[in-house]
Amino acid sequence: MRLIEQHYLKGPNRWGRGNYLRLLIDLGDLHLAASADLPGVAERLTALLPGLEVRADVLQHQGLLAEMLGMVMLEMQRAAGNGSAAERLQLLIGRKGQVRMLISCESEAEGVKACAAAFAIFAAVLGERPAGQAAPRLPPKEVAPVALAMAAAMPAGTMHAP
């Protein structure tokens, strides 16, 4: 999972009236994977972020990995005290493994931090970590603040999961 492009769209634009972070993400072979194709991922996400249960339909069988990633980005914004509208998701046709996502956010900084935190959470949930390194085991209420702290500590321009 890797971020290829990131652009902040402020105010009214061709996708809506609000502010959006437009992302191009390379999900590799998982770009069309539904939650049913990823055993245990939905359960681990809802255990870490109980607020995701609101959109259980996406987490059950029909939701794509990109949709789950968008939900986690919104959850990170909510955890930081920022309300936002529903995310927008657009699949980029013709480029294997890539997904274009529009995610609503109140400011560029908030959107970027939410994106970085979501990538960090998904790296842990999907098991993308260096060999021999154990997955973090945190109480659910501590995950969002820790993920936001991880995002804040990332160097500028580093938007991939550690």
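The values are calculated or read from the model by the stated rules, or taken from the named source; none is laboratory data. The shown structure was predicted, so the numbers you read here are calculated from the model rather than taken from an experiment. A quick note on method: Cβ atoms are made from the backbone with ideal geometry, for glycine too, and the neighbour counts reach across all protein chains shown.
A few remarks follow.
- Residue count, region 102-128 (criterion: basic (Lys, Arg) and free of Cβ contacts under 8 Å to residues at least 12 places away in the same chain): 0
- Close pairs (6 angstrom Cβ cut-off, 6 or more residues apart or separate chains): under 18 Å from Gln6 (Cβ atoms) in region 61-73, modelled with pLDDT under 80 and charged (D, E, K, R) anywhere: Gly70/Glu87
- Search result, residues across region 69-90 that are in a loop (DSSP other than H, G, I, E, B) and modelled with pLDDT under 60: Ser84, Ala85, Ala86, Glu87
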